[in-house]
Amino acid sequence: MRKAWEPLAKIDLHAEKKILGQLAESQAAELTYQQTARLDELFDLCETLGLASISAWPNVDEYDEWFRPWLDLAVTLGGFDRALLSAEASLTLERIDALPADAPRYPLTDEGRERTLNQWDQVLDQEAAVRLLVRTLYRGRDAAWTAACALQYTPKVDLAIQLLDEAMPDLRSSTPHQEIAAKTLIVLSHGSRLESWITDSDPVLQALAVEFMDIDDLMSSPARIRDMLKDADGRVVEAVVGRIRQSNISELQDELRRIANEPEPAWSCTNCGHVNPQGTEFCQECRRGGPRPSAAAKAILEGRPMPGKVLFSLGRTDADEDDSS
Ligand SMILES: [Zn+2]
């Protein structure tokens, strides 16, 4: 299967007009003055699809194959009014065509409000919809996230779980995509994967299991907790330290002291996959902030609030643009 994370240069720059054209194919409603001024239905749809982010847009040659059915499904699942969308899209196309050639891009995502994509009873072919949503998990990050939000409400739970299980090995090559699929699996399977993920060799799955497991189940095995606190990957250690804080287990104080007194452990970057050595605060490749279990352990021991996440080091370069894909 093809990968989701394409370079920016492949984005379909004509997609905006294609979206408006597709919406305008439906029978149009008569717009009130307020509707022509606000274009609520259209802006809400664009907001729901996350179109403010380039990672929600189709690449060149993807519109008919993927984005067209995806847009159609989102309209249905969000309960959007097709006649209103049609009229608002036509009006917007007229406004875009009236702009001078050097005008800035017409904004479709100014003031919309996100809607919940949960109206599965309106979907005629629910199995096809589940397959389309799982395929969308391979696209840009924001498209994948929106698809996951819709997938969590599907009544076709067994099919969705089967397809997600099949997709997980492929999605491992991008941690953000892997996390989106894994969280969807956690919701749909009511956490039944967590027991096996907690011993998985993959730090992404292990950290998610630590984060989402019921606190009593997690703390029922202090030996396992101690093992994970010695894990090679800082994100697992950070997840465990965070849960220890919620559980007040006093016999782990010695482990917390050890972690607090050591440099931050090595960690694999969730953004680019680079493995950063011990004591590295920011990813050596993309400068994303890493896990800081040592700082967290110090805060717990001293009764201070947990340290905030440091997302980036200063100085953006082109490498940061990968974040949007
Ligand atoms: Zn990185």
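Residues in segment 90-115 that are over 18 Å from Tyr33 (Cβ atoms) and touching a residue at least 24 places away in the same chain (Cβ under 8 Å): Leu93, Ile96, Arg105, Tyr106, Leu108, Thr109, Asp110, Gly112, Arg113, Glu114, Arg115.
Okay, residues lined up against (1) in the same structural domain as Pro176 (by TED's automatic domain parsing); (2) under 22 Å from the mean Cα position of the chain (by Cα); (3) crowded, with 17+ Cβ neighbours inside 10 Å:
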site: Ala37; (1), (2), (3): yes, no, no
site: Glu41; (1), (2), (3): yes, no, yes
site: Phe67; (1), (2), (3): yes, yes, yes
site: Leu73; (1), (2), (3): yes, yes, yes
site: Ser86; (1), (2), (3): yes, no, yes
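Among the residues of segment 172-193, those that are assigned to a helix (DSSP H, G or I) and closer than 19 Å to Cys286 by Cβ comprise Thr175, Pro176, His177, Gln178, Glu179, Ile180. Among the residues making up segment 149-185, those that are modelled with pLDDT of 95 or more and of a type in the set (Asp, Glu) are Asp158, Asp165, Glu166. Checking Asp61, Asp125 one by one, the residue that is free of Cβ contacts under 8 Å to residues at least 24 places away in the same chain and surrounded by fewer than 18 Cβ atoms within 10 Å (Cβ to Cβ) is Asp125 and no other. The residues in segment 128-141 that are in a loop (DSSP other than H, G, I, E, B) and either exposed (fewer than 15 other Cβ atoms within 10 Å of the Cβ) or charged (D, E, K, R) (or both) can be counted, and the count is 1. Determine if segment 239-260 includes at least one residue that is part of a helix (DSSP H, G or I), within 16 Å of the ligand (Cβ to nearest atom) and surrounded by 21 or more Cβ atoms within 10 Å (Cβ to Cβ). So far as segment 239-260 goes, no, none of its residues is part of a helix (DSSP H, G or I), within 16 Å of the ligand (Cβ to nearest atom) and surrounded by 21 or more Cβ atoms within 10 Å (Cβ to Cβ).
The values are calculated or read from the model by the stated rules, or taken from the named source; none is laboratory data. For clarity, every value in this text was computed on a predicted model and none was experimentally measured. Cβ: placed from backbone, ideal geometry, glycine included. Neighbour counts: every protein chain shown.
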